[in-house]
1. So for each of 143-155, 77-89 I average, over its residues, the number of other beta carbons within 10 Å; can you give me the resulting order with the highest mean first?
2. Over the alpha-carbon set of the chain, divide Rg by the Kirkwood Rh and report the Rg/Rh ratio to two decimals.
3. If the only charges are +1 at each Lys and Arg Cβ and -1 at each Asp and Glu Cβ, what is the size of the charge dipole of the stretch 50-185 around the Cα centre, to the nearest 20 debye?
4. Just to be sure I understand: with springs between alpha-carbon atoms less than 10 Å apart, which residue in Ala166, Ala40, Ala132 has the highest mean-square fluctuation in the Gaussian network model of the chain?
5. Using a Förster radius of 35 Å, what is the FRET efficiency between Phe66 and Thr183 based on their Cβ-Cβ separation? Nearest 0.05, please.
6. Label Ala88 and Ala51 with points 7 Å out from Cα along Cα→Cβ: what is the distance between them in nm?
7. Output wanted: per-residue J couplings in Hz (rounded whole) for the stretch 11-16, from phi through Karplus 6.51 cos²θ - 1.76 cosθ + 1.60, θ = phi - 60°, x for Gly and Pro.
8. Length gain on complete extension for the stretch Ser138 to Arg113, per 0.36 nm per residue less the alpha carbon to alpha carbon distance?
Amino acid sequence: WLAFLNFFNFMDGIDGIASVETMALGLGLVGLGLLAGVWAWIGPGAVLAGAAAGFLYWNWHPARIFLGDVGSVPLGFLLGGLMLLLAAAGFWASAVILPAYYLADAGLTLCRRILRGERVWEAHRSHFYQRAAASRGSHAIVSKAVALADLGLVGAALLAALNPLAGLGLAAAIVGGLLAWMTRG
């Protein structure tokens with residue numbers, strides 16, 4: 001939970017990215033709630049997706065307001081807790097799939113920095129999304145790509161509710177494709 005909170009905070013580094021991620025996680029909760037008949041997931045999912053959509057208006061490039069630590073830390077705490085509730089209810093694959101892009105980008109970047117002997121507690125610009133925004137010259141194009149991949153991950157999470165291995169395979173392909181796109185200049 002603490003790791004997810006920190007990963008969510010790490011990933012809030014370009015305009016719109018945290019909003020589209022939150023919208024996707026919220027939509028995933030709504031979809032899974034409808035599919036599984038767990039009505040307690042629908043309300044929080046809808047509220048999170050709606051609030052993130054409203055915030056996105058102000059946070060889209062060029063952003064006029066930002067989450068910062070004050071926004072991303074509690075949001076990461078809440079979303080991480082909801083993913084743990086999904087896992088505890090038996091939807092472990094969906095709980096991993098919904099935030100899979102954030103987990104992959106933050107996790108791989110952290111591992112790369114550790115292997116290079118970098119001070120991981122210091123600021124950096126080496127996340128996949130940061131390098132993609134710099135090389136493509138646009139926060140918006142990267143956040144749009146993340147939003148598109150996140151929609152695919154919502155579908156993969158719904159598939160995983162029925163067939164966990166199929167959902168995980170689809171999610172791996174989506175995240176792998178997004179990271180490959182981000183590394184191409």
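1. On the way: 143-155: 20.7, 77-89: 17.8.
Final packing ranking: 143-155, 77-89.
2. 0.95
3. 440 debye
4. Sorting by GNM fluctuation, first place goes to Ala40.
5. The computed FRET efficiency comes out at 0.85.
6. Calculated label separation equals 1.9 nm.
7. 7, 7, x, 9, 4, x
8. Computed gain between Ser138 and Arg113 is 6.6 nm.
No lab work stands behind these numbers, since they all come straight from the coordinates. These numbers come from a predicted model, not from an experiment. Positions of Cβ are backbone-derived with ideal geometry, glycine not excepted, and every protein chain shown enters the neighbour counts.
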